[in-house]
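The values are calculated or read from the model by the stated rules, or taken from the named source; none is laboratory data. Note that the structure is a prediction, hence the values are computed from the model and not measured. Please note: Cβ atoms are built from the backbone with ideal geometry, for glycine as well, and neighbour counts cover all protein chains shown.
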Amino acid sequence: MGATVTTAATKENTWGGGNEPLKVSYGKMMMWYFILSDSLTFCGFLVGYGFTRYKFMDTWPIADEVFNHFPFLHGVDAPMYYVALMTFILIFSSVTMVLAVDAGHQMKKGKVATYMFLTILGGLVFLGSQAWEWKNFINGTYGAVETRGGSILHFVKGEGTEAKQIALADFAIVDENRDEATLTRGKGTWFLKGPEAATYSIAEVKAGLLANPDVKIRTQKTIQDPETGRRYKEVLTREQSVERINDATIVVEGASLIRNEYGHKTFGDFFFFITGFHGFHVFTGILINIVIFFNVLLGTYQKRGSYEMVEKGGLYWHFVDLVWVFVFTFFYLV
Amino acid sequence: MASEGTHQSNTKKIWTVFAILSIITLVEVVLGIIKPESLHQVYIYGLSLLNYIFIILTIAKAYYIMWSFMHLEHEKKSFQWSVAGVLGFLCVYLITLVLIEGNYIYDVFQSSQYKWIF
């Protein structure tokens with residue numbers, strides 16, 4: 001590049017521009033180092049999750065019992081199938097991305113555009129899947145009660161490992177005269193403050209428990225079967241259950257940032273934070289891919305003579321996939 | 001640089017890597033659902049053998065994504081190290097220290113009278 005000041009020729013070569021240390025172009029190198037720093041951020045999140053999980057080792061929720069939904073299969077226990085599907089979707093959109101980069105190397109504009117389009121589509125499907133996952137997580141399935149000490153109690157039928165969780169709706173006895181349940185913000189103008197009313201009150205849940213002799217309480221405590229090594233949650237005896245329900249203070253349905261029906265309070269926070277931060281990366285990745293896609297259509301890169309921008313966008317997109325691989329393992333699998 | 005036009009298509013290799021990644025994911029899911037007793041029961045340093053397998057498979061997947069999809073294999077050795085080396089070292093460092101700390105606090109909760117400090 002034309003430097004105005006006369007300098008020694010060697011200096012000109014080094015600092016005059018157009019130099020590529022480590023044989024990587026400036027844009028790609030900076031994308032790599034951005035990815036490096038962003039990976040460390042995600043590493044920090046996942047390690048924070050690991051820390052909290054180790055800290056509350058024997059009261060942490062079992063992922064298989066929380067993430068067991070699959071579209072159109074209501075009430076069927078389908079652990080992990082859905083996240084596995086999401087993983088495939090993201091890996092596949094990574095493949096179409098790398099195919100777009102490959103077509104870019106050969107300067108095939110039409111092919112690049114097609115593969116970019118498929119990548120964007122894959123990203124959108126993944127984001128939609130994540131929204132569905134969040135919806136299930138936020139709404140919850142069974143409902144639970146929280147005790148004075150802040151721990152969550154589930155209701156089950158059956159013994160030990162065979163115990164099946166049941167919903168509050170399955171056994172709670174509805175009290176016709178219960179005020180705080182029927183009057184919500186939407187129905188009564190006087191209802192201005194106080195906790196958002198749950199579908200059932202503590203008294204209704206308690207009445208239901210006392211009336212159904214086969215319903216028992218399951219605590220958060222994890223027990224490992226010495227025979228099979230399988231982990232499950234402790235189920236109280238009927239007498240203990242009747243005793244323990246007196247500790248209940250709040251009915252919990254679904255999840256918020258304050259409490260969730262699955263177990264430890266921080267579990268919900270980590271779920272929202274880690275998958276949300278990843279989802280945000282997917283979202284920005286889709287935006288970047290859309291911009292690149294239209295530039296491909298307009299022929300910007302064809303005129304430039306290089307599809308390196310597709311490569312740089314591709315690096316970011318693969319990074320998003322890379323992070324998901326780790327989230328999948330540490331949040332759902334381990 | 002990419003603009004030479006001398007690149008021939010790597011499509012076959014891309015699909016191979018996709019097949020590898022899919023198979024690894026499938027193995028993970030199957031193991032995660034079955035949870036074989038022989039793997040789940042064996043503990044090494046407080047972590048079950050099954051979890052070691054999951055972590056190793058995940059790192060294998062990360063390797064294929066970074067080396068093949070992100071074309072790290074075609075970069076100079078020094079650049080590969082400046083990314084993967086730094087990332088590997090810092091992550092292992094952080095994981096080791098923080099998990100040891102988490103385990104320690106768990107022990108305190110279980111058996112110490114200094115619970116209230118935490």
So B:ILE65, is it under 16 Å from the mean Cα position of the chain (by Cα) and at the interface with chain A (Cβ under 7 Å from one of its Cβ atoms)
yes
Return the residues of segment B:10-29 that are under 16 Å from A:ASP321 (Cα atoms), at the interface with another protein chain (Cβ under 7 Å from one of its Cβ atoms) and either outside any helix (DSSP H, G or I) or within 15 Å of the chain's Cα centre (by Cα) (or both); say none if nothing qualifies.
B:LEU21, B:THR25
Among the residues of segment A:82-118, which ones are closer than 30 Å to A:GLU65 by Cβ and more than 7 Å from chain B (Cβ to nearest Cβ)?
A:TYR82, A:VAL83, A:LEU85, A:MET86, A:ILE89, A:LEU90, A:PHE92, A:SER93
Looking at segment B:77-105, which of its residues are of a type outside the set (A, V, I, L, M, F, W, C), at the interface with another protein chain (Cβ under 8 Å from one of its Cβ atoms) and over 25 Å from A:VAL320 (Cβ atoms)?
B:SER78, B:GLU101, B:GLY102, B:ASN103
Criterion first (more than 21 Å from the chain's Cα centre (by Cα), without any contact (Cβ under 8 Å) to a residue 24 or more places away in the chain and surrounded by fewer than 18 Cβ atoms within 10 Å (Cβ to Cβ)) does A:LYS135 satisfy it?
no
What single numbered condition from (1) at pLDDT 90 or above; (2) at the interface with chain A (Cβ under 7 Å from one of its Cβ atoms); (3) within 30 Å of A:MET97 (Cβ to Cβ) fails to hold for B:GLY32?
(1)
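Residue-by-condition table, conditions (1) under 30 Å from A:GLY263 (Cα atoms); (2) of a type in the set (S, T, N, Q); (3) part of a helix (DSSP H, G or I):
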site	(1), (2), (3)
A:THR87	yes, yes, yes
A:SER94	no, yes, yes
A:VAL98	no, no, yes
A:ALA103	no, no, yes
A:VAL112	no, no, yes
Among the listed residues A:LEU287, A:LEU315, which satisfies the condition of being part of a helix (DSSP H, G or I), surrounded by fewer than 20 Cβ atoms within 10 Å (Cβ to Cβ) and either within 12 Å of chain B (Cβ to nearest Cβ) or at pLDDT 95 or above (or both)?
A:LEU287
Log entry, pairs with first residue in segment A:81-95 being within 13 Å of A:VAL325 (Cβ to Cβ), second being part of a helix (DSSP H, G or I) and of a type in the set (D, E, K, R), beta carbons closer than 7 Å, six or more apart or on different chains, reads A:LEU90/A:ASP321; A:ILE91/A:ASP321; A:SER94/A:ASP321
Residue among A:VAL242, A:VAL282 that is assigned to a helix (DSSP H, G or I) and assigned by TED's automatic domain parsing to the domain that holds A:LYS55
A:VAL282
